[in-house]
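Notes to accompany the following structure.
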Amino acid sequence: MEVEVDVIEFRVPIENNKTLFVWNIQSTFSDAFIYESIWNIFCKFGPLYLVKVCPNAAGVEPGFYALVKYFSAAQASKAQRATHGRGFFQSSPLKVKLSTKRYPNFLHNSKPLSHSKCQDLANHYLGFNGWSTHIVTLKDISNCDDAGMLSTTTGDPQEITLKYGCIMDVTFPQHGLSCRGVGVAEETVEGTGPDVVLLKRGKLQRWARDKAAVDAFEKVLLLVLGNGKVVVECRVERDDVLQDEDLEGLIKVNDIPWSQFDPDGQEENEDIPWDLSVNM
């Protein structure tokens, strides 16, 4: 007997069969109402990467269209079949089709998910207790490769380059697996007052940890079976099998609580070209 398996990756979904195009949305609603309604309708079929609501182009009948992106092709297909031709929040039926956009070759390799989206996806399929992270080492590497050297240009403000590296394990206890990731965060600071440097060190430690977690999640595949069971697989690379004693030369440093600092973090823009082509 064949078993259906849906493969979920911790990467930005760009495949055609994971994107839905929703149109024929009436113009009597606000953008915020449409966004909330579309999200509530389609999230019932699986976790969503993104929902985007846009007004129709000039010269077209007033109204809106929406783009919905899933992590799962199977869930996108199921959502399309269940929602096409139904009105839901409006009197006229919505039209829902799978994308037919062909992306250029240079876009075929999608980007990794942000740290927050990795967490959301893992929580959805594995639960809050189904995975955990462990910092193997968090190292100040500001003095490596001539980093941390002060500016010597006459008249320039004093500058110092701060850099942190982190090695982190993401563990899946119920599956007996773990993946190791590496992250590096770097920033040049103008002025070397203790408050300025302390603030930047706290931020860089956080960013390095987040990048290490993302790097580890990139190696994880979630296999969702037809009966709802989730199997975890890890793509292990040679460098990932280093024992902790092999890291003897690395310096472990105390973690500075993030609550002491400005919460503004660095998020990469994960927007990708949107698709307006559909199978009619």
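See the values below:
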quantity	calculated
Candidate set: segment 117-147, residues that are within 19 Å of Arg201 (Cα to Cα) and assigned to a helix (DSSP H, G or I); chosen: the one modelled with the highest pLDDT	Cys144
Residue within segment 65-88 that is in contact with a Leu (Cβ under 7 Å, 6 or more places away or on another chain) and among the charged types (D, E, K, R) present	yes
Residues that are more than 30 Å from Cys234 (Cβ to Cβ), open to solvent by less than 30 Å² (accessible area, probe 1.4 Å) and modelled with pLDDT of 90 or more, drawn from segment 187-216	Gly202
Residues of segment 51-73 that turn out to be in contact with an Asp or Glu (Cβ under 8 Å, 6 or more places away or on another chain) and closer than 17 Å to Asn17 by Cα, as a count	4
Selection status of Asn40, modelled with pLDDT under 95 and either out of contact with any helix residue (DSSP H, G or I) (no Cβ under 7 Å at 6 or more places or on another chain) or open to solvent by 70 Å² or more (accessible area, probe 1.4 Å) (or both)	no
Lone qualifier among Gln90, Gln75 - being within 19 Å of the chain's Cα centre (by Cα) and in contact (Cβ under 8 Å) with a residue 40 or more places away in the chain	Gln75
Criterion (more than 19 Å from the chain's Cα centre (by Cα), in a strand (DSSP E or B) and not acidic (Asp, Glu)) met by exactly one of Val196, Val184, Val231	Val231
Enumeration of residues in segment 29-65 that are among the aliphatic types (A, V, I, L, M) and either over 26 Å from Phe10 (Cα atoms) or outside any strand (DSSP E or B) (or both)	Ala32, Ile34, Ile38, Ile41, Ala57, Ala58, Val60
Candidates Ile25, Ile8, filtered to the one that is closer than 30 Å to Gly228 by Cα and open to solvent by less than 30 Å² (accessible area, probe 1.4 Å)	Ile8
Single match in Leu162, Leu150 (criterion: at pLDDT below 95 and either part of a loop (DSSP other than H, G, I, E, B) or among the aromatic types (Phe, Trp, Tyr) (or both))	Leu150
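The values are calculated or read from the model by the stated rules, or taken from the named source; none is laboratory data. Computed from a predicted model, the values in this text were never measured in an experiment. Backbone-built Cβ (ideal geometry, glycine too); neighbour counts: all protein chains shown. Note: accessible area is taken over every heavy atom of the protein model, side chains too, but ligands, DNA and RNA are not part of it. Shrake-Rupley method; radii C 1.70, N 1.55, O 1.52, S 1.80 Å.
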